[in-house]
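Laboratory data are not the source of any read-out in this text; all were calculated from the coordinates shown. Quick caveat, the model's predicted, so the values are computed rather than measured. Note that each Cβ is placed from the backbone with ideal geometry, even for glycine, and that neighbours are counted across all protein chains shown.
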Amino acid sequence: MIIKVARGNYEIIQRKAIHLKTEYLGAGIAIGFINRSQQAYGLLTYFFPYREFDIEIDGAQILSGESILERFQEELERRKIALSTCRWFLAGASVFKENPKFLDLAEKNLKVAEAWFKRMDLGVEIIKKVSLSEPTALQINGKEMSFILKIQNRIEHYE
């Protein structure tokens, strides 16, 4: 049996027009932001919620939500991106497949993301699409500075 696990990662782009996109998220989380005035946008994903799940396999680190959100925040601050003027998108924590109760990854992942938004005082402009019963993937169109949410076979656009 082969088990593939999405690795926590993020990418922040300034003054370039490319597409950033996730795989289907499942119980994982995607957090995207767009700051039109600074021509900056970024996308972060993670699958495991808590820091104790940070692991290293064959020299590659798999970071949890707690760890990668901390690094993401540091990078945003380093680049002097005005967080309060960003438009934020939170997607994932889907429940489209049966999960054993002891895992409840979707719920835990969502708690970590929401706690980060609260700690950063970013409750204003957040588009939230979570706990859906269908597979979801998030994309940012860097040219149009817009979010694209793919929900199974449907596509939703957010300006």
ask   = Order of Ser64, Ser133 from fewest to most other C-beta atoms within 10 Å?
value = Ser133, Ser64
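In the structure displayed, which of Lys21/Lys143; Lys21/Lys129; Lys21/Lys128; Lys16/Lys129; Lys128/Lys150; Lys80/Lys118 lie more than 22 Å apart, Cα to Cα? Display every interim value, and only then the final one.
Working: Lys21/Lys143 14 Å; Lys21/Lys129 16 Å; Lys21/Lys128 17 Å; Lys16/Lys129 26 Å; Lys128/Lys150 13 Å; Lys80/Lys118 20 Å.
Result: Lys16/Lys129 exceed 22 Å.
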Test item: Cα-centred dipole of the chain, Lys/Arg +1 and Asp/Glu -1 on Cβ, debye = 460 debye
Cα-projected label distance for Met145 with Glu75, points at 7 Å along beta-carbon direction, nm = 2.0 nm
ask   = Rg (Å, one decimal) plus Dmax (Å, integer) for the alpha carbons of region 1-73?
value = 13.5, 48
ask   = Mind listing the phi-derived Karplus ³J(HN,Hα) values for region 127-135, rounded to whole Hz, using 6.51, -1.76 and 1.60 with θ = phi - 60°, and x for any glycine or proline?
value = 8, 10, 10, 9, 6, 7, 9, 10, x
remark   = For Lys128, the residues 5 or more places away or on another chain with a placed amide H closer than 5 Å to its own amide H are Leu90
request  = Can you give me the P(r) profile for the chain? Cα pairs, bins 10 angstrom wide beginning at 0, each as a whole percent.
outcome  = 11, 42, 36, 10, 1
Bins of 5 Å from zero: percent of alpha-carbon pairs in region 106-159 = 4, 16, 22, 21, 23, 12, 2
task = Relative to the longest principal axis of the C-alpha atoms of the chain, give the angle of the C-alpha long axis of helix 65-78, reported between 0 and 90° and rounded to the nearest 10°.
result = 10 degrees
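In µm²/s, what is D for region 43-83 at 37 °C and 0.692 mPa s, where D = kT/(6 pi eta Rh) by Stokes-Einstein and Rh is the Kirkwood radius from Cα pairs? Numbers along the way, then the final one.
Working: Rh = 11.0 Å.
So the translational diffusion coefficient is about 298 µm²/s.
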